[in-house]
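The values are calculated or read from the model by the stated rules, or taken from the named source; none is laboratory data. This is a predicted model, so every value here is computed, not measured. Counting neighbours? That spans all protein chains shown, and the Cβs are built from the backbone with ideal geometry, glycine included. The area values use the complete protein model at the heavy-atom level, side chains included, leaving out ligands, DNA and RNA. Shrake-Rupley method; radii C 1.70, N 1.55, O 1.52, S 1.80 Å.
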Amino acid sequence: MFTLEKMRKRICISIIAFFCIIVSVHAGTTGKIAGQVFDVTNGEPLVGANILIVGTNKGAATDIDGNYFILNLPPGNYSVKVSMLSYASVSINNVRVSVDQTTNLDFQLTEEALNLQDVVVTASTPIVRRDLTSTEAKVSGDDISMMPLEDIQSVINLQAGVVDGHFRGGRSNEVKYLVDGVSVNDAYSGGFSLQVEINSLEEVQVLTGTFNAEYGEALSGVVNQVTKIADDKLTGDFSFYGGDYVSSNSKLFENINHISPMGIYNMQGNVSGPVPGFEKLLKFFLSGRYVYSDGYLYGKRIFKPSDSSDFSANDPADWYIGSTGNGRYVPMNNNHRYTLQGKLSLNVGGGKGIVLSGMYQDQKSRDYNHAYKLNPDGDYQRLQNSYLGILSYTHVISNSAFIDFALSAFRTNNNQYVFEEPLDTNYVNPDRKKDVSGSAFLSGGTENWNFNHSTTTYTAKTDLTWQINQIHQIKTGYEFQYHNLDYEDFQIVVDASTDYKPALPIPGAFNYNIYSTNPYQFAIYLQDKIELDYLVVNVGVRFDYFQPDGEYLEDPNKVNLLDNLQPPFPDSMMNTAQSKYQFSPRIGISYPITDKGAIHISYGHFFQVPPFEYLYQNPNFRIPLTGDFPGTIGKTIGNADLKPQQTIMYEIGLQQAITDDFGITATAYYKDIRNLLSTEIFIKNEFKKFSKLINRDYGAVKGITLTFEKPFRNGLGATLDYTFQIAKGNASDPNDAFNKAQANPPIESNKQLVPLDWDRRHSLNMTLTLGDPEDYILSGIGRVGSGFPYTPSLQNQRTGLENSDNKPAVFNIDIYFTKYVMLFGTRLSLFAKIYNLLDTQNEQDVFGDTGRAGYTLELTRNQQAPRGVNTIKEFYTRPDFYSAPRQIYIGFSFSL
């Protein structure tokens, strides 16, 4: 029924969408060049000198003080030429422009009578960035191509302050991921669901400090992936490699001795240039990648899911083992991914341009489940595909102002199931999993739940950049996002009530949740970049607004009354979730203390809407009194009225150039984190515990980072960064309070700060690159880190405080070597990559009674033998507790 409330909502959305097309927020994808032009003989500024970006129509002329600036430059390397009547021209090559950064470039001109030839200089990137007001790292696509790095996540984890996707101690879903300024976070889970392949990257910007007001919906950091633009001439490259895991640890990793040159393989390539027949009007960029890996964790098909066994007899000789498997090894953490990306650029003249971008990614994977090691076909497979489309238009108002408009649609589909068809007859009665007992691998059975969700986000945004004068650069913007979330989870029922044939429950039952919702949000910001000779200031404010489009059960004690009701529930029991908003001020200051050093300080407030799964889960508010269900199904109800999570960040840092080729950066930071998600405990029918999601958790993070850097020049490049960090909170997981209440005996929730699960106190990353890009490259990455915390326990009972001990330290070395040759006029590269060069067994998870991955006291405890086909030792041999063994790849690439 079309109600007045719905009409008001549609009118509100239409008004917001209209205004957002006029002016809205667009995360940074360009930088600028600025500087002065002088007379070399007397040092006087030159008025009217012409500065040109070679090969483009972008340029500027100096003002009365000899100053100039050139805006709206995509990241990359440029040649800049300055010319003036009666003076010899000067060109500077290899000028690097990065996102949101001012590249300072001064020129000194000589009168033509003194110098009859043009002067050509090669630029080098300065060690100290005078406009850096908070911590950020920029890694170019060229730098990535010279390192043993496979994906964007490996690039991110190499940055100071980042630990396995956690930015400065925050939860992993507190990071905003962008592709060409457009968010690619899955609004349902909060994590990123689309990654640019490294062969398509022009630059990656990683913000771990107090980022500017133009960036929102993030508590801990921002990753801005800027893709390559179309070339003016036809270019292309193709690469292939194959390899496998090569390790001597065959007692730990089953089937590791079976080495296949195609156990892991990768194909990727791209082509770019003008569209034939429309060279001056249209340019294109196409890229693709396919990567496949069998993984290193295998099961053995001893049983099929439908097999039935009987281990109930006390004498093992009387056991019935109904094994019909073929005994073959089956990959249990395999993964494949393919990605397609395209750009079409339309030059409409006058510095204006329209770019149509598209990207598609499809992934299929499995997560290792130790219980299914002998019945590998009964466990879940996970599928995800994502689509991104962007239409952007740049309108140049003048040499000092331009507007970027962008419209985008981003869709992510996630599915988790054993068999794609819900009524597949291979689904079996869950009782098959009860055939075994004790520390035994399953001898049959399937996971009988399906999980499916699709999130579509429509975004309209732009930003206005206006260089008012040589000092002030104003940015303002507005962003509107409209989400469509469709969710479904259900249990495949196979029991006597269905004649032991797969059947689906009634939608709306506790084991069939389905909902659709359309929340929306918008933001507006204003910031000013003030660049003085002695000071650089970034100051701004951001306003965020969120409309959740949902209802919540204010008093969960009424959940009993809902058992015999079907949605929609009476208004007296439900409340409409209220809109949420926040103003977030941010400021960063950089003070150059010398021409080779600068100090920066920054402060900011940050706002993030909780992932939608926590707002809307269990929409039917069903709490069954019996049964064991996966995750929080039937145990936790969502809360559409959750408040946004908040963080206040403080930072102070120093940049110091020791030489023209070597510099040091030191940074100290502190984060105060509030309104994190937690659970409140309730009891149904005086015995069944369940929970409701609320805002109650909190945390605090402090740390220092030290970075030593020598950019790759003259055949040598190196970096070393060290992070000391203390990340504490009252809980690492939103469901922590409920999980503790479910323990036997129940565990009291933390009333004080404890180390978070990802609290790595000491981290050290090292890189080294040697060679000549025209001849060969040899590079390596080394990582050392203290162990994550764990909670000591014995027989599932705590023997120490939460996270009061630490796992063993970790250590890893990766190397890459490539040799370039010319063959029939084509540049050919032959290369090898080795990951985990020393085949180190890093212990990522441990047994609580020993703190080690390879040994548990359960092996010495006098306990009954497993009622299954395996031994106790086989069950407690956990290859999934270790990092991946050594990987060796060999491949080739060529360029057009």
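With a 1.4 Å probe and all protein chains left in place, how much accessible area per residue does region 85-225 have, in Å²?
Using a 1.4 Å probe on heavy atoms only, each residue of region 85-225 averages 29 Å².
Please work out the average accessible area per residue across region 261-358, using the 1.4 Å probe convention, and give it in Å².
49 Å²
Give the lysines reachable from Lys684 as a straight Cα distance under 29 Å; neighbours fewer than 8 places away on the same chain don't count.
By straight Cα distance, Lys684 reaches Lys433, Lys434, Lys558, Lys635, Lys643, Lys692, Lys740, Lys751.
Could you state the number of Å between the C-alpha centres of region 313-368 and region 249-276?
Value for the Cα centre distance between the two parts: 14 Å.
What fraction of the Cα pairs in region 338-432, stated in percent, has a spacing above 21 angstrom?
Here the long-distance tail beyond 21 Å is 58 percent of all Cα pairs in region 338-432.
With a sphere of radius 11 Å drawn around the Cβ of Arg827, what net charge do the other residues whose Cβ falls strictly inside it have (Lys, Arg +1; Asp, Glu -1)?
Spelling it out: positives minus negatives among the neighbours equals -2.
Taking the Cα centre of the chain as the origin and placing charges on Cβ (Lys, Arg +1; Asp, Glu -1), which of Val701, Leu194, Val162 is farthest toward the positive end of the dipole?
It is Val701, whose Cα lies furthest towards the positive end.
Place a +1 charge on the Cβ of each Lys and Arg in the chain and a -1 charge on the Cβ of each Asp and Glu, then give the dipole magnitude about the Cα centre in debye, rounded to the nearest 20.
760 debye
Starting from the Cα of Thr850, step 7 Å along the direction of its Cβ; do the same at Ala313; then give the gap between the two resulting points in nm.
If labels sit at Thr850 and Ala313, their model points lie 3.4 nm apart.
Could you derive backbone 3J(HN,Hα) for region 520-533 from the dihedral phi with the Karplus parameters 6.51, -1.76 and 1.60 (θ = phi - 60°), listing whole Hz in sequence and x where the residue is Gly or Pro?
My calculation for region 520-533 gives 9, 8, 8, 8, 9, 9, 9, 9, 10, 9, 9, 10, 9, 4 Hz in order.
How big is the C-alpha Rg of the chain next to the rule-of-thumb value 2.2 N^0.38 Å, as a ratio?
1.02
Net charge within 10 Å of Met573 by Cβ-Cβ distance, Lys/Arg positive one each and Asp/Glu negative one each, not counting Met573 itself?
Value of the local net charge: -3.
Please work out how much length the chain gains when fully extended from Ile397 to Ile64, using 0.36 nm per residue of separation minus the C-alpha to C-alpha distance, in nm with one decimal.
117.7 nm
What ranking do 388-396, 187-195 get when scored by the average of other Cβ atoms within 10 Å per residue, highest first?
187-195, 388-396
Evaluate E = 1/(1 + (r/R0)^6) for Leu423 and Leu565, where r is the Cβ-Cβ distance and R0 equals 51 Å; express this FRET efficiency to the nearest 0.05.
Taking R0 as 51 Å, the efficiency between Leu423 and Leu565 is 0.95.
When the helix-only estimate is applied to the chain (DSSP H runs of n ≥ 4, each -39,500 (n - 2.57), divided by the residue count), what is the mean residue ellipticity at 222 nm, nearest 500 deg cm²/dmol?
Mean residue ellipticity, 222 nm, calculated: -1500 deg cm²/dmol.
Could you work out how far helix 4-22 tilts from the main Cα principal axis of the chain, as a 0 to 90 degree angle to the nearest 10?
That helix lies at roughly 30 degrees to the long axis.
Leaving ligands and nucleic acids out of the surface, order Thr125, Thr799 by accessible area at 1.4 Å, largest first.
Largest to smallest exposure gives the sequence Thr799, Thr125.
Normalized C-alpha radius of gyration of region 123-244, against 2.2 N^0.38 Å?
Scaled against compact globular proteins, the figure is 1.13.
Sorted by packing (mean other beta-carbon atoms within 10 Å per residue), highest first, where do 338-346, 322-330, 800-808 land?
Output ranking for 338-346, 322-330, 800-808: 338-346, 800-808, 322-330.
Pop out the ³J(HN,Hα) list for region 46-61 in order, Karplus 6.51 cos²θ - 1.76 cosθ + 1.60 with θ = phi - 60°, rounded to Hz; leave Gly and Pro as x.
So the Karplus estimates, Gly and Pro as x, are 9, 9, x, 5, 9, 10, 10, 7, 4, x, 9, 9, 8, x, 7, 10 Hz.
Cβ neighbours within 10 Å, averaged per peptide: list 526-536, 819-829 in order, most packed at the top.
526-536, 819-829
7 Å from Cα along Cα→Cβ at both Asn714 and Asp660: what's the point-to-point distance in nm?
So the label points at Asn714 and Asp660 sit 0.9 nm apart.
Between Asp106 and Asn518, 0.36 nm times their residue separation minus their Cα-Cα distance comes to what?
Taking 0.36 nm per residue and subtracting the Cα distance, the gain is 143.1 nm.
Tell me the carbon and sulfur percent of the accessible area for the chain, rounded to whole percent, probe radius 1.4 Å.
Within the chain, the accessible surface is 56 percent carbon and sulfur.
Probe of 1.4 angstrom, ligands and nucleic acids ignored: what's the accessible area per residue over region 645-738, in square angstrom?
Value returned for region 645-738: 41 Å² of accessible area per residue.
Relative contact order for the chain using alpha-carbon pairs under 8 Å, separation at least 6, rounded to a whole percent?
Relative contact order here is 10 percent.
Please give every one of the lysines within straight-line cross-link reach of Lys228, meaning a C-alpha to C-alpha distance under 17 Å, and leave out same-chain neighbours fewer than 8 residues apart.
Straight-line reach from Lys228, under 17 Å: Lys138, Lys283, Lys343.
Can you tell me the dipole magnitude for region 346-387 around its Cα centre, using point charges on the Cβ only (Lys, Arg +1; Asp, Glu -1), in Debye to the nearest 20?
160 debye
Using the Cβ atoms and a cut-off under 14 Å, what net charge is assigned to the surroundings of Gly444, where Lys and Arg are +1 and Asp and Glu are -1?
0
Please work out how much length the chain gains when fully extended from Ala809 to Asp164, using 0.36 nm per residue of separation minus the C-alpha to C-alpha distance, in nm with one decimal.
Separation in residues times 0.36 nm, less the Cα-Cα distance, equals 230.8 nm.
Hey, if we sort Leu677, Leu158 by accessible area with the 1.4 Å probe, largest down, what's the order?
Leu158, Leu677
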